[in-house]
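To start, the structure under review is shown below, and the notes come after it.
The values are calculated or read from the model by the stated rules, or taken from the named source; none is laboratory data. In this text, all values refer to a predicted model and were calculated from it rather than measured experimentally. Quick reminder, even Gly has a Cβ in these numbers, built from the backbone with ideal geometry, and neighbours come from all protein chains shown.
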There are 2 protein chains.
Amino acid sequence: MERFSSISMAVVRRLPKYHRYLSELKKNDVKRVSSQELSRITGFTASQIRQDLNCFGGFGQQGYGYNVDDLHQQISKILGLDKVYKTVIVGAGNLGQAIVNYTFFEKSGFVPQAIFDVNPRLIGLKINDIKVHDVENLESFVKDNGIDIGIICTPKSQCQKVAEALAKGGVQGIWNFAPSDVSVPDDIIVENVHLSESLFTISYLLKEREEVLKTKKY
Amino acid sequence: MERFSSISMAVVRRLPKYHRYLSELKKNDVKRVSSQELSRITGFTASQIRQDLNCFGGFGQQGYGYNVDDLHQQISKILGLDKVYKTVIVGAGNLGQAIVNYTFFEKSGFVPQAIFDVNPRLIGLKINDIKVHDVENLESFVKDNGIDIGIICTPKSQCQKVAEALAKGGVQGIWNFAPSDVSVPDDIIVENVHLSESLFTISYLLKEREEVLKTKKY
């Protein structure tokens, strides 16, 4: 998927962080911010921040810093957050429900159109006002409703089948929470959230931490 | 948190991926694997893989490749997965429930001891056999039960207070799903899962994709 990006994925992955911090500043009615202040808030160096923002033309002024509203709006636009995306959530378990109920995503332009599940007891119910459909109808629903992004919240055993139905239906992107990779045509963006990889990073760091603390004692 | 790691975080973050792919190979009864095959499966280059594994002493043999069982066990050990970690989940909403119900974490050694919430209607209930406690008792529970890792699944408004209670109670690590950073003493490992950052990466890539596909047409 990274081949679509003309700038480095490391930079791309920092943009949502800038966006989040700028949203906070906006909410606190802060009007302007220097790269030094952004550095203090974000933990990135000021030169890293200037370099990142320069990739997109650079919005700061020497001696003034950045206009918070402007920079927030520019980064929103760069991130494609000035558009609306139709989504479907596949898997109405706890995780699927968590995503449907997290209204921040909808406010950011990612609007759920339907939920899909295999469980007949769930089909027909509504979660946060979004109807649960039979997963059998996934491909046709995606096609008929011009769905942009499919969100996979199924067990591992189902995720490849679901990804294929989403792809055939014509989604442009897949957000995959199943603990397995999915294989789809090259022109579909796939973003995986493998939670165990994040958790195992903690256990690695706990082990290293223990060794460092042990050494310090002597 | 990265100061505890003697090797680069980029390498550390690839280890859980190797672990996952090796688990698959093990399950399929594959006995040995070359770095070329690992490259095909993981998408990393063979030289990247050899280099990564060399950071920890290198387990391969020229002309033979890697013994799948051995390598899996070694990486498990490096990731600290040969130990058991006591966890608490704070926030019994959909996300907290998803984590409690995802038994893979428990099988990997991360064993939930309790869930905490503010909602009196949830307190006293059990989710996947784990009791929901009043969040008022979080700090003392963590202290009395030697909890290693606190998992924050609360709304943004509560996460800093919860992180402080976890820190005072003596956790070594925090897995934070709240959409905000938390500030705790330096010797506590904090791993954030900011889902919006992952979602916004998709919208960025969709926008880039559209531009690339548009250019291709002409």
**Asked** Out of curiosity, is B:Ser157 within 19 Å of the chain's Cα centre (by Cα), hydroxyl-bearing (Ser, Thr, Tyr), farther than 29 Å from A:Leu213 by Cβ and surrounded by fewer than 19 Cβ atoms within 10 Å (Cβ to Cβ)?
**Response** no
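Out of curiosity, is B:Gly109 touching a Leu at 6+ places or on another chain (Cβ under 9 Å), at positive phi and not aliphatic (A, V, I, L, M)?
yes
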**Item:** Selection within the range A:53-86 - surrounded by 19 or more Cβ atoms within 10 Å (Cβ to Cβ), within 23 Å of the chain's Cα centre (by Cα) and modelled with pLDDT under 90
**Value:** A:Leu53
**Prompt:** Does B:Ile174 qualify as being among the β-branched types (Val, Ile, Thr), more than 28 Å from B:Gly80 (Cβ to Cβ) and not in a loop (DSSP other than H, G, I, E, B)?
**Reply:** no
**Prompt:** Among B:Ile152, B:Ile130, B:Ile174, which is more than 29 Å from A:Asp148 (Cα to Cα), touching a Gly at 6+ places or on another chain (Cβ under 8 Å) and more than 9 Å from every other protein chain (Cβ to nearest Cβ)?
**Reply:** B:Ile152
**Message:** Can you report the number of residues in the range A:102-112 which are part of a loop (DSSP other than H, G, I, E, B) and closer than 23 Å to B:Tyr102 by Cβ?
**Reply:** 1
**Request:** Name the residue, out of B:Gly43, B:Gly63, that is touching an Asp or Glu at 6+ places or on another chain (Cβ under 9 Å) and small (Gly, Ala, Ser).
**Result:** B:Gly43
**Request:** Return a yes/no flag: does the range B:186-203 have any residue that is more than 10 Å from chain A (Cβ to nearest Cβ) and at pLDDT 95 or above.
**Result:** no
**helices (runs of 4 or more DSSP H) fully within the range B:6-93 counting 1 or more residues that are of a type outside the set (A, V, I, L, M) and in contact (Cβ under 8 Å) with a residue 60 or more places away in the chain** = B:9-27
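Being assigned to a helix (DSSP H, G or I) and either buried (at least 16 other Cβ atoms within 10 Å of the Cβ) or not assigned by TED's automatic domain parsing to the domain that holds A:Ile149 (or both) narrows it down to one residue among A:Ile99, A:Ile115, A:Ile123; which is it?
A:Ile99
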**Lone qualifier among A:Ser203, A:Ser157, A:Ser183, A:Ser198 - being of a type outside the set (Lys, Arg), out of contact with any Ser or Thr (no Cβ under 7 Å at 6 or more places or on another chain) and not in a helix (DSSP H, G or I)** = A:Ser183
**Message:** For the range B:126-143, give me the residue count where each residue is small (Gly, Ala, Ser) and part of a strand (DSSP E or B).
**Reply:** 0
**Asked** Just wondering, is there one or more residues in the range B:156-165 that are among the β-branched types (Val, Ile, Thr) and away from every other protein chain (no Cβ under 12 Å)?
**Response** yes
**Item:** One residue from B:Arg50, B:Arg20, B:Arg32 being closer than 22 Å to B:Asn192 by Cβ and either at pLDDT 90 or above or out of contact with any Cys (no Cβ under 9 Å at 6 or more places or on another chain) (or both)
**Value:** B:Arg20
